[in-house]
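Q: Take this structure first; my questions come after.
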Amino acid sequence: MIPITRLALGDAEAEAAAAVVRSGWLMNGPRTAEFERLVAEYVGTEHAVAVSSCTTALHLSLLAAGVGPGDEVICPSFSFIATANAIRYCGATPVFVDIDPRTYNIDPELVEAAVTPRSRAIMPVSQIGLPADIPAVMAVAGRHGLTVVEDAAPSLGATVHGRRLGGLSDLTCFSFDARKILTTGEGGMVTTDDAAAAERIRRLRAHAASVSTADRDRAQQVVLETYPEVGFNHKITDIQSAIGVVQMGRVDEVVAERRRLGRRYDDLLAGQDGVETPYVPDGFTHVYQSYNVRLRTDRTQEEVMVAMMELGVATRRIFAIHTQPAYADLPSVALPHTDEAAARTILLPMFVGLTDDEQDQVVNALEKCL
C-alpha cells in the first residue's frame, strides 16, 4: 500500500530527542526557544511562539486578537474542521464564505461582502500548500479594522510574490503534525510582528502565568507568579522542539523536493482528461503538503477512493465544514464552489521519500479508476 504520507525522520531526530531526555529539561525550555527563533528567522517575523498544535495556535491567536462571545470570524468551509472549531472555542461564530474554484482558497471579494458589525477577524486558509491571496485579504481587513489570523497549517515555505507565509498576515499559524511540511509528531507555531500579541499567546499557553517556569527556575531569588486571567495548557515539549530544530535544518530541501514531486505529478497527468491538476497563480509558490486533483468523471469521489484503495493507493479528501453535524446549528449558506470541490476532489500521496516508481503506480491506478 502506498500511504498518503510517510515520515521522513532519521537518526538526527532520534538523537536530538534523546539529548533532551538526558538533559533533564523536557518542557518548553531551551530547545523550544531555539525552534521558535529558527521559524521566526525563516518566515521573517519578529516573533514565533510554539504551542501544542496548530489548533491551539489558532485558538490563542484569536484570543490575542480580541475575539470573544458574540463576535464573527469569516473563514472558508473547505478546510479541516479545526479551522472552525478554534473560532467556536472563543465563543465566536464562524461565517463561511465560498472559495475560488481554481485555488480552493477563500475568495477575497466574498470576504468583503460577508463583513458585518459583528465581524472581528478573518481566518483565510492557505490550503494544502498553496497560499491564499493574503494581500487581498489584508486589504479587506484594513478597510474594516479586522485582524487576519491565517490558518497556514500545511503551507510552511510557501510564498506570495517572493515573501514567505508567516510574515504576511497579522498572525499566522503552522502545524507540525505527521502530514505537514515538517513534523514534530504534533505541535504548532504562531508567527507575528505584534509583540503584544506574541507575549499574550506565550502567557495563555501556560495557564496565563505572569512569569514562565523557565524564568522562575533561572531566577536567583524567589519569584511568585500570578494568574491574571484564565489560560490553557497548550505548551509544546522540548522533545518535540528538538525534532523541529533538526527538521528546520533541511526545510529548504524538503520544500524543493515536494515541489519537484508536484511538478512530476503535473507532467504525468498532463494528458489525462479525467482529472484537473492544481492551479497555481502567478507569483505564488505551492509547497504541496498534498496533491489535490479534481475528478472529471462520472464516477463519484468515494467510488474512486475505494477503487484506488483496492489498487494499493491511499487517498484522502477535504470536506466542507458546513455539512458536518457539529455545525448544523448555523444558518444555511450557499457555497456552490465549496460543495463541488468537496464532492469532486481527492488528495494523492505526497511526501518526501515518494519514489518515481511509487508515483508512477499512483498515476497508473488513478487512470485505471477513471
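Q: To check my understanding: the extent here is largest minus smallest coordinate of the Cα atoms along each principal axis. What are those three numbers for region 93-172, in Å, largest first?
A: Extents along the principal axes: 35, 25, 21 Å.
Q: With +1 on each Lys and Arg Cβ and -1 on each Asp and Glu Cβ, and nothing else charged, work out how big the dipole of region 252-369 is about its Cα centre, in Debye to the nearest 20.
A: 180
Q: Can you figure out the FRET efficiency of residue 230 with residue 356, using R₀ = 51 Å and their beta-carbon distance, to the nearest 0.05?
A: The value I calculate is 0.45.
Q: Give me the angle, in degrees from 0 to 90, between the Cα long axis of helix 11-23 and the longest principal axis of the Cα atoms of the chain, rounded to the nearest 10.
A: For helix 11-23, the angle is close to 20 degrees.
Q: Binning every alpha carbon pair distance of region 108-267 at 5 Å from zero, what are the percents per bin?
A: 2, 8, 14, 16, 17, 15, 12, 9, 5, 2, 1, 0, 0
Q: Only Cα pairs under 8 Å and at least 6 apart count here; give the relative contact order of region 159-240 as a rounded whole percent.
A: 23
Q: Local charge sum around residue 58 (other residues, Cβ-Cβ under 12 Å, Lys/Arg +1, Asp/Glu -1)?
A: Values: positive: 88; negative: 150, 151.
Net charge around residue 58: -1.
Q: Remind me, relative contact order of region 11-250 in percent, using alpha carbon pairs under 8 angstrom and six or more residues apart?
A: Values: 532 pairs, mean separation 65.8, N = 240.
After rounding, I find 27 percent.
Q: Which Cα, out of 136, 363, 279, lies furthest along the positive dipole direction of the chain (beta carbon charges, K/R +1, D/E -1)?
A: Of 136, 363, 279, it is 136.
Q: Normalise the Debye intensity by I(0) for region 252-369, one equal point scatterer per Cα, no solvent, then take log10 at q = 0.09, 0.15, 0.18, 0.19 Å⁻¹ and round to two decimals.
A: Per q value, in the given order, log10 I(q)/I(0) is -0.28, -0.73, -0.98, -1.06.
Q: State to the nearest 20 debye the size of the charge dipole of region 299-349 about its Cα centre, where the only charges are +1 on K and R beta carbons and -1 on D and E beta carbons.
A: Charge dipole, region 299-349, about its Cα centre: 140 debye, nearest 20.
Q: State the answer as a single residue: which of 96, 220, 44 lies farthest towards the positive end of the charge dipole of region 11-250, with beta carbon charges of +1 for Lys and Arg and -1 for Asp and Glu, about the Cα centre.
A: 220
Q: Around residue 212, which amide H atoms from residues at least 5 apart in sequence, or from another chain, sit under 5 Å from its own amide H, with H modelled in the peptide plane?
A: Counting only residues 5 or more places away or on other chains, the set is empty.
Q: Further question: What residues qualify as long-range amide H neighbours of residue 119, i.e. H under 5 Å apart, gap of 5 or more or another chain, H built at 1.01 Å from N?
A: Counting only residues 5 or more places away or on other chains, the set is 72.
Q: If you scale each eigenvalue of the Cα gyration tensor by 5 and take the root, what three semi-axes come out for region 11-250, rounded to whole angstrom and sorted largest first?
A: 31, 21, 14
Q: Given springs between every Cα pair under 10 Å in a Gaussian network model of the chain, which of 224, 165, 261 has the largest fluctuation?
A: Fluctuation is largest for 224.
Q: Roughly how big is region 11-250's charge dipole about its Cα centre, with Cβ charges of +1 (Lys, Arg) and -1 (Asp, Glu), in debye to the nearest 20?
A: Computed about the Cα centre, the dipole is about 320 debye.
Q: Applying the Karplus parametrisation 6.51 cos²θ - 1.76 cosθ + 1.60 with θ = phi - 60° to the phi angles of region 42-56, what ³J(HN,Hα) value in whole Hz is obtained for each residue in order, glycine and proline being reported as x?
A: The phi angles translate into 5, 8, x, 10, 6, 9, 9, 10, 7, 9, 6, 6, 5, 4, 5 Hz.
Q: Starting from the Cα of residue 161, move 7 Å in the Cα-to-Cβ direction to define the label point; list residues of region 108-144 whose amide nitrogen is under 18 Å from there.
A: Zone members listed by number: 108-109, 131-143.
Q: Further question: Counting only C-alpha contacts under 8 Å and six or more residues apart, can you give the relative contact order of region 250-336 as a whole percent?
A: 20
Q: Net charge near residue 252, counting Lys/Arg +1 and Asp/Glu -1 over other residues with Cβ under 14 Å of its Cβ?
A: Charge balance in the 14 Å sphere: +2.
Q: Let me ask you something else. Against the longest principal axis of the chain, how steep is helix 251-269, in degrees 0 to 90 to the nearest 10, with axes from Cα atoms?
A: 20
Q: Hey, another quick one. Calculated from DSSP H runs of 4 or more alone, at -39500 (n - 2.57) each and per residue, what is the 222 nm mean residue ellipticity of the chain, nearest 500?
A: Helix-only estimate at 222 nm: -11500 deg cm²/dmol.
Read-outs throughout are calculated quantities, based only on the coordinates presented, and are distinct from any laboratory measurement. None of these values were measured; they are calculated from a predicted model. Note that we place each Cβ from the backbone using ideal geometry, even for glycine, and neighbour counts take in every protein chain shown.
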